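Working notes, structure below.
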Amino acid sequence: MGAIKFGTDGWRAIIGDQFTFDNLERVTRATAIWLKKTRTERPKVVIGHDLRFQGRAFSEHVARVLIDEGATVLFADTFTTTPAVSWATLEYGCDAGIVITASHNPPAYSGFKIKAAFGGPATPPMTKAVEAEIMDEPAGRPLPKFHELVEDGRVELRDLNTAYLDALRGRLDIEAIRAAGLTVAHDAMYGASQGLVRALLGDDRVLELHAEHNPGFHGQPPEPIERNLGELAEAVVREGCAVGLANDGDADRIGMYDERGTFVTSHLILSLLVKYLVEKRGLTGDIAKTFSTTHMLDRMAAHYGLTLHTEPIGFKHIAGHIVEGDILVGGEESGGISAKGHIPERDGIYIGLLIVEMMVKRGLTLSALVEELYEQFGPHHTYRIDATTTPAAKERVMERLAQGGLDEVAGHSVTEVRTTDGYKHVVEDGWVLIRPSGTEPLLRVYSEGTTPELAVALVENAVEQLGIRDER
């Protein structure tokens with residue numbers, strides 16, 4: 001039936017191909033067995049799903065398998081976000097949370113995320129342990145009907161969205177944001193965040209885009225990156241909004257636009273949060289970032305006297321630091337960010353509104369806050385491309401890099417090649433990183449330079465030298 005492997009955040013596969021009810025049973029039973037071995041004979045699990053095709057049916061199937069394995073189940077009564085499930089896992093004392101979602105992946109995909117008892121992504125050792133328990137075939141015995149499990153109380157329905165929003169009201173100054181009179185544009189990207197920002201700030205303060213049920217996501221992956229958010233940028237300028245927020249399919253990622261319709265990268269969001277939390281909230285702690293994230297954070301850590309941790313791609317590597325240490329801000333280039341005082345999890349809604357709170361408390365526009373960063377820590381401009389490729393082409397490129405990498409990029413001599421995750425070529429005024437995706441047939445090429453032009457040139461020249469082509 002095929003191997004089931006966890007990537008950077010969960011197991012993901014194409015619906016009807018590898019993502020089937022039989023394979024879902026296999027990974028669910030493995031999760032239950034792992035929990036019974038490591039937590040308790042009767043684990044308590046909270047389940048949620050996003051708005052992808054068959055999300056409700058898949059999540060009900062997970063509940064039926066878990067009950068068959070002797071677990072107790074809390075079940076989100078409607079679609080919900082991954083951060084809400086992570087919050088509920090911790091808040092309700094569950095042994096694990098499970099979310100049926102493929103996050104930002106194309107609409108053909110679904111996925112299975114495991115949340116640990118601490119309220120964040122299951123760590124790599126945890127998912128390895130689950131993989132080791134996956135059987136070759138489903139159990140083959142009949143499962144109880146979902147409606148019967150609800151009727152007899154073995155599955156308890158919970159309004160996770162309302163409870164989660166109440167938690168955010170206790171962690172953000174929502175009243176100050178509302179009192180400031182700002183208009184916020186929110187692009188739900190047809191995902192699980194729809195209606196939630198509006199519920200927090202009010203109908204009169206939120207312009208909502210793509211907030212209806214469309215499991216095909218209008219043919220576009222629900223990834224909150226600049227090339228996917230043209231309508232949001234236009235709406236911000238056209239309607240005079242103070243800021244534009246966007247979330248991916250399960251709302252653990254954030255994308256942002258300033259009042260001028262300029263995209264504000266996750267690199268800048270992370271840096272803004274460090275400055276705000278240290279200087280205005282008086283907080284301290286370490287910074288944890290992934291390998292593809294801005295070196296501005298390195299400068300900020302040195303400036304504020306904070307310890308910096310750099311980890312492989314995937315928020316699961318950041319979550320461990322948050323649980324075990326004292327992390328001020330943790331995050332990744334792809335828009336997954338966590339901040340002190342909340343759950344050890346990426347939360348796109350919380351982070352977006354924390355930036356809005358910063359704007360209100362500082363009395364500055366988002367563009368002015370970014371300019372302030374550049375003035376204090378120097379210009380840091382980033383660029384990235386994702387090239388769809390074949391396994392053979394991907395292997396050829398990685399073999400070339402393994403032989404020592406590139407000597408120069410865009411006319412700049414490479415001073416160091418770092419291999420924490422992929423191959424990062426460091427030059428005097430920036431860097432370029434080449435790495436394969438852990439969940440899709442992609443080669444990702446990232447860069448950072450002191451000017452936007454340099455950032456683009458570093459990527460384009462590396463792509464040319466390595467013969468990377470988009471095979472779509």
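Summary table
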quantity	calculated
Cut-off under 5 Å, modelled amide H: who pairs with Ala96 long-range	Lys44, Val46
Cubic angstrom per residue, convex hull over Cα atoms of the stretch 1-98	102
Under 5 Å, built H, 5+ apart or other chain: amide partners of Asp248	Arg253
The stretch 149-156 - phi-based ³J(HN,Hα) in whole Hz, Karplus 6.51/-1.76/1.60, Gly and Pro as x	5, 5, 5, 8, x, 6, 10, 9
Relative contact order computed over the stretch 76-196 (Cα-Cα under 8 Å; 6+ residues apart), in percent	28
Additional length obtainable on full extension of the chain from Asp326 to Asp386, 0.36 nm per residue less Cα span	18.3 nm
Kirkwood-based Rg to Rh ratio, the stretch 163-309, C-alpha trace	0.99
Nonlocal amide H pairs with Val409, under 5 Å, H built at 1.01 Å	Val414
Computed [θ] at 222 nm, helices only, for the chain once each DSSP H run of length n ≥ 4 contributes -39500 (n - 2.57)	-11500 deg cm²/dmol
Extension gain, Thr262 back to Tyr374 (0.36 nm per residue minus Cα-Cα distance, nm)	38.8 nm
Relative contact order (%) - criterion: Cα under 8 Å, at least six apart; region: the stretch 21-121	29
Backbone HN-Hα couplings from phi across the stretch 202-214 [Karplus 6.51/-1.76/1.60, Hz, Gly and Pro as x]	x, 4, 6, 10, 10, 9, 9, 10, 6, 10, 10, 6, 8
Taking all pairs of distinct alpha-carbon atoms in the stretch 318-376, Kirkwood radius in angstrom	12.6
Overall Cα dimensions of the stretch 347-391, principal axis frame, Å, largest first	50, 28, 13
Counted charge near Gly216, where neighbours are those whose Cβ lies closer than 14 Å (Asp, Glu -1; Lys, Arg +1)	-1
With eigenvalues of the C-alpha gyration tensor scaled by 5 and rooted, the stretch 47-122, Å	19, 15, 10
Kirkwood hydrodynamic radius of the stretch 286-410, Cα pairs, Å	16.9
Extension gain (nm, one decimal) between Lys5 and Thr415, 0.36 nm per residue minus Cα-Cα	144.0 nm
Scaled radius of gyration (Cα, divided by 2.2 N^0.38 Å) that the stretch 143-217 gives	1.48
Given charges at Cβ of Lys, Arg, Asp, Glu: the chain dipole, positive-most of Gly70, Thr415, Ala163	Gly70
Size-normalised alpha-carbon gyration radius of the stretch 218-265, reference 2.2 N^0.38 Å	1.07
Where a label projected 7 Å from the Cα of Asp429 along Cα→Cβ would reach, residues of the stretch 401-423 with amide N under 13 Å	410-413
Inter-label distance for Glu395 and Lys280, nm, one decimal - labels placed 7 Å from Cα along Cα-to-Cβ	5.2
Percentage relative contact order, the chain, counting C-alpha pairs under 8 Å, at least six apart	13
Carbon + sulfur, % of accessible area of the stretch 122-211 - ligands and nucleic acids excluded, 1.4 Å	49
For volume of the Cα convex hull per residue in Å³, calculated from these coordinates, the label among (i) 138; (ii) 179; (iii) 260	(i)
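The values are calculated or read from the model by the stated rules, or taken from the named source; none is laboratory data. From a predicted model like this one, the values you see are computed outputs, not experimental measurements. Cβ: placed from backbone, ideal geometry, glycine included. Neighbour counts: every protein chain shown. Areas reflect the complete protein model, heavy atoms only, side chains present, ligands, DNA and RNA absent. Shrake-Rupley method; radii C 1.70, N 1.55, O 1.52, S 1.80 Å.
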